[in-house]
Amino acid sequence: MKDLLDTLTLYAFPVLLAITLHEAAHGYVAKLFGDPTASLAGRVSLNPIRHIDPIGTIAVPVGILAMSSLFGGGFLFGWAKPVPVDFGRLRRPKQDMLWVALAGPAANLFMAILWTISLRLLFESGERSGFWFEMARVGIHINLVLMALNLLPILPLDGGRVLFSLLPNRLAWQYGRIEPYGMLIVIGLLATGVLSAVLNPLVSLGEQVMRLFL
C-alpha cells in the first residue's frame with residue numbers, strides 16, 4: 001500500500017499538469033482561429049478540476065498504477081474531458097482543425113522540455129535521486145506518452161483530427177465515420193498489447209532525444 005501511495009504522490013502533479021495544459025491548449029488555439037466555445041465554457045483554464053474526467057483521469061490511471069505495483073509492467077493510460085470545439089465556427093474548419101488538434105501534443109512536448117530543463121538543473125545542483133528528481137523523470141515520461149498516444153491517427157484522437165484535415169474531402173468524410181468507434185479501437189489496442197508495442201519505441205526515442213539536453 002505504501003508503495004502505491006508513493007507512486008500516486010509522485011505521478012499526481014505531472015499527470016494533472018499534462019492533461020490540463022493539453023486541453024487548455026486546444027481551447028486557446030480554437031479561440032485564436034475563431035471558435036470561442038471552449039473559452040465560453042471556462043475550459044481555457046489552468047484549473048485541473050475543469051478538465052478532470054472521473055473515469056479517464058482518476059479511476060483508469062490509478063487502477064493501472066495499482067496493477068503495475070502489484071504485478072509489474074503496465075502502460076499508463078487515461079484521458080481528460082475533451083475540450084468542446086465547434087469546428088464549424090473555425091474560420092476555415094477543415095484546415096484550422098489541424099492546428100487545433102496539434103496544440104495539445106505541442107503542449108505536451110513543451111512540458112517534456114520544461115521537465116528536462118528541471119532535471120538538468122537538478123543534475124547541476126548535484127542531485128541524482130530523491131522526490132523532485134523522480135518527479136521530473138515522471139514528468140518527461142508522462143508528457144511523451146500523452147503526445148505519442150494523442151498523435152495516433154485514430155479519431156477522435158488528435159492524430160485522427162490531423163489526418164482528417166489533410167485528407168481530400170471525400171476521403172476525409174469517409175474516414176470520419178469511424179469516430180464513434182475510435183475509443184473502442186484504442187481500448188482494444190491497449191487490451192491486446194498492440195498499443196504498448198507501438199508507443200513504447202516512440203516514447204523511448206523521445207526520452208533519448210531529451211537526454212541530449214542533460
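Restricting region 150-166 to residues that are out of contact with any helix residue (DSSP H, G or I) (no Cβ under 6 Å at 6 or more places or on another chain) and among the aliphatic types (A, V, I, L, M), the residue that is nearest to L10 (Cα to Cα) is L163. Among the helices (runs of 4 or more DSSP H) confined to region 99-214, there are none with at least 2 residues that are over 23 Å from V29 (Cα atoms), touching a Lys or Arg at 6+ places or on another chain (Cβ under 6 Å) and at pLDDT below 95. Restricting attention to region 68-98, the residues that are assigned to a helix (DSSP H, G or I), more than 21 Å from the chain's Cα centre (by Cα) and modelled with pLDDT under 90 total 3. Close Cβ contacts (under 7 Å, 6 or more residues apart or on different chains) running from residues in region 182-202 that are farther than 16 Å from L146 by Cβ and without any contact (Cβ under 8 Å) to a residue 40 or more places away in the chain to residues that are in a helix (DSSP H, G or I) and among the small types (G, A, S) comprise G182/G160. Looking only at residues in region 107-148 that are hydroxyl-bearing (S, T, Y) and touching a residue at least 12 places away in the same chain (Cβ under 8 Å), the one that is surrounded by the most Cβ atoms within 10 Å (Cβ to Cβ) is T116.
On the given criteria, is I154 touching a Phe, Trp or Tyr at 6+ places or on another chain (Cβ under 8 Å) and under 22 Å from P201 (Cα atoms)? The answer is no for I154. Of all residues assigned to region 149-168, none qualifies as being more than 20 Å from M97 (Cβ to Cβ), more than 17 Å from the chain's Cα centre (by Cα) and either loosely packed, with under 15 Cβ neighbours inside 10 Å or among the basic types (K, R) (or both).
The values are calculated or read from the model by the stated rules, or taken from the named source; none is laboratory data. Not measured: the values here are computed from a predicted model. Cβ atoms come from the backbone with ideal geometry, glycine included; neighbour counts cover every protein chain shown.
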